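These notes concern the structure reproduced below.
The values are calculated or read from the model by the stated rules, or taken from the named source; none is laboratory data. What you see is a predicted model; the values in this text were computed from it and never measured. Here Cβ is always computed from backbone atoms with ideal geometry, including for glycine, and neighbour counts include all displayed protein chains.
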Amino acid sequence: MKRSASMMKCDREGRLLQRQLRAGLRLPPPRRCFASSYLPPHDSQKRSSSHRVIFSGIQPTGTPHIGNYLGALQPWKKLHDEADANTSLIFCIVDLHAITTQHDAAILRVRKREMLAALLAIGLDPSRCTLFYQSSVPAHSELQWILSCQASTGYLSRMTQWKTKLRGNSTSGPDPSMATDRLKHGLFSYPILQAADVLVHRATHVPVGEDQRQHLEFARECVTNFHAAYSGNIFPYPETLVSPARRIMSLRNSVQKMSKSAESAKSRIELTDDAKTVRERIAAALTDDRGGVTWEPEARPGVTNLLEILAAFCGAPEVSARELAEGEMKGVSMRELKERVAEKVSEGLGGIQERYREVRKRGDGYLDEVAEEGRIKAARSAEETMRLVKEAVGLGL
Ligand code: AQP
């Protein structure tokens, strides 16, 4: 796909912000890098030019694990603590995305509340940020439909995650169309919903894991398409903030990422796991039959994953996994490495677990109140965007 100069400019700015994220999240005002020069600043773009909107989401597909924590929730908390008062923070439990795969309705209801409790437990304060369930603000799916009318099916079919699913189903028969017969449209088109999630709040920055980079690029493509099709200068190009933390891999298969929905619970450490479970999971983590710690990411992915987890939970002063392997942990036995990792992870999760228990003790009623407060704020944020969108498209009378 041909990339416009303004999209490349966005990428450059994204990389700059990336460095700032690592250096302590001093975000500059958002630059409105529009697709072309045909659009002057719009009067109805009511926000001041320095107003930043940070949006991100997580699926309620299970209890968050340390991969979700290091890759997403910890950076959210950092933004929450360090962003200035002119920055809006919107964190969404994306339940509409969670129904793109087979699920049980009763379990989904439980998991939504569990996820909200986890977000509160990591320290997100509902009076500082907006915490809400995606399905409670219908503007998300309404904008998805409007964006889908301009979205290229060719682009969507080239997305890595879709191609992976397609390959995964290609053994289903000699006829390649059988693969697509089994795959559902929701899975194909969910990048449009993801774009709508971001654009309906006119987000300027989106913190995500590395695997989501392509989806954010698609969201920028949706902005380009919309601005080319309709008048008005409604959306900023959302910039990607990729977490500096590496991808945390499964404890049972170090070429797969740690995942909430992976069948084996032993493949992950959940934020609510007690010290005994953490110790058992780490002790059973697959490494290799060589003794002694070395830094060989290609040859020893299991050991590298443990070192990455250790480095991430070591806290200040920051130290990289490689520095640990070549310094403090050099040559130590696998048993010692695992004990050290388990100790640091349990230490790191202790405070979160205490707060999680406190939140749960307050009951579902409390969580539902927080969600309702978030819904009201999120609906307000989406309302003005939808008014502008409908006016531009010709839907608003
Ligand atoms: N293993 C991981 N390491 C680092 N970051 C990760 N993230 C997920 N897994 C890891 C980041 O967590 C955020 C929220 O993810 P999500 O729940 O929206 O979807 P996901 O990426 O599909 O997460 P899971 O845990 O693998 O869930 P399921 O099993 O439901 O698919 C994202 O920013 C993601 O990058």
ask   = Which residues, taken from segment 119-139, are part of a loop (DSSP other than H, G, I, E, B), more than 13 Å from Ile90 (Cβ to Cβ) and in contact (Cβ under 8 Å) with a residue 12 or more places away in the chain?
value = Ile122, Gly123, Asp125
Gly62 being surrounded by 23 or more Cβ atoms within 10 Å (Cβ to Cβ) and modelled with pLDDT under 95 = no
ask   = So Ile234 clears everything in (1) part of a loop (DSSP other than H, G, I, E, B); (2) at pLDDT below 90 except one condition, right? Which one?
value = (2)
inquiry  = Within segment 274-284, does at least one residue satisfy the condition of being within 16 Å of the ligand (Cβ to nearest atom) and either crowded, with 20+ Cβ neighbours inside 10 Å or among the small types (Gly, Ala, Ser) (or both)?
reply    = yes
Residue tally, condition hydroxyl-bearing (Ser, Thr, Tyr) and exposed (fewer than 13 other Cβ atoms within 10 Å of the Cβ), over segment 360-372 = 0
ask   = Mind checking whether some residue in segment 318-325 is in contact with a strand residue (DSSP E or B) (Cβ under 8 Å, 6 or more places away or on another chain) and either not small (Gly, Ala, Ser) or not in a helix (DSSP H, G or I) (or both)?
value = no
ask   = List, please: which pairs have Cβ atoms under 6 Å, are six or more places apart or on different chains, and start with a residue in segment 243-261 that is among the basic types (Lys, Arg) and end with one that is within 11 Å of the ligand (Cβ to nearest atom) and in a loop (DSSP other than H, G, I, E, B)?
value = Lys257/Arg247; Lys260/Thr61; Lys260/Gly62
message = With the structure loaded, tell me whether Ala83 is small (Gly, Ala, Ser) and more than 8 Å from the ligand (Cβ to nearest atom) or whether it fails that test.
response = yes
Residue identified as exposed (fewer than 13 other Cβ atoms within 10 Å of the Cβ), under 27 Å from Ser141 (Cβ atoms) and at pLDDT 95 or above among Arg357, Arg335, Arg380, Arg375 = Arg380
Long-range neighbours under 9 Å by Cβ, at least six apart or interchain, first residue under 17 Å from Ser127 (Cβ atoms) within segment 65-87, second of a type in the set (A, V, I, L, M) and within 8 Å of the ligand (Cβ to nearest atom) = Trp76/Ile58
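Does any residue of segment 225-235 turn out to be in contact with a Pro (Cβ under 9 Å, 6 or more places away or on another chain), away from the ligand (no atom under 14 Å from the Cβ) and either within 27 Å of Leu193 (Cβ to Cβ) or among the acidic types (Asp, Glu) (or both)? Before you say what the answer is, go through the steps one by one.
Taking segment 225-235 as the starting set, the residues that turn out to be in contact with a Pro (Cβ under 9 Å, 6 or more places away or on another chain) are 233.
So of that shortlist, the ones also away from the ligand (no atom under 14 Å from the Cβ) come out as 233.
Subsequent filtering for residues that are either within 27 Å of Leu193 (Cβ to Cβ) or among the acidic types (Asp, Glu) (or both) retains 233.
Within segment 225-235, one or more residues are in contact with a Pro (Cβ under 9 Å, 6 or more places away or on another chain), away from the ligand (no atom under 14 Å from the Cβ) and either within 27 Å of Leu193 (Cβ to Cβ) or among the acidic types (Asp, Glu) (or both).
Table: residues versus (1) of a type in the set (Lys, Arg); (2) under 14 Å from the mean Cα position of the chain (by Cα); (3) closer than 20 Å to Ser261 by Cα; (4) surrounded by fewer than 22 Cβ atoms within 10 Å (Cβ to Cβ).
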site	(1), (2), (3), (4)
Ala85	no, no, no, yes
Thr101	no, no, yes, yes
Asp104	no, no, yes, yes
Ile107	no, no, yes, yes
Val110	no, no, yes, yes
Arg113	yes, no, yes, yes
